[in-house]
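The values are calculated or read from the model by the stated rules, or taken from the named source; none is laboratory data. Computed from a prediction, not measured in an experiment: that's the story for all the values here. Neighbour counts run over all protein chains shown; Cβ positions are idealised from the backbone, glycine included. Accessible surface is based on the protein model in full, side chains and every heavy atom, while ligands, DNA and RNA are left aside. Shrake-Rupley method; radii C 1.70, N 1.55, O 1.52, S 1.80 Å.
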Amino acid sequence: MAKACEETNVAQGMTPAYYHLHALLMTIRELAQHEDEICTLLEEMKTSGAISAEAKRDLRVVLEGLPVESLAAEASTLWRVAEE
């Protein structure tokens, strides 16, 4: 499937599923912004074989910044749409 949605503009007058799918795309893009932080934590754990107190603090900060509730809500709504 080709990637055809580089723009973030929302089209008007579309079905509700379109808006939910657009919201999911925006959430996925927000999640991707945390990739470097997560990779840094993974490398630190791989190198040390453990998770330091500082890494635990950093992990909490990353987790607090993840839009997991939005992801769950959007995915749940889209599953209902896909199963209709």
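Residues considered: T40, T77. Of these, the only one that is among the polar types (S, T, N, Q) and farther than 22 Å from Y19 by Cα is T40.
Going residue by residue through region 43-52, is there one that turns out to be charged (D, E, K, R), free of Cβ contacts under 8 Å to residues at least 40 places away in the same chain and open to solvent by less than 100 Å² (accessible area, probe 1.4 Å)? Checked region 43-52: at least one residue is charged (D, E, K, R), free of Cβ contacts under 8 Å to residues at least 40 places away in the same chain and open to solvent by less than 100 Å² (accessible area, probe 1.4 Å). Within the span defined as region 56-67, one or more residues are in contact (Cβ under 8 Å) with a residue 40 or more places away in the chain and surrounded by 11 or more Cβ atoms within 10 Å (Cβ to Cβ).
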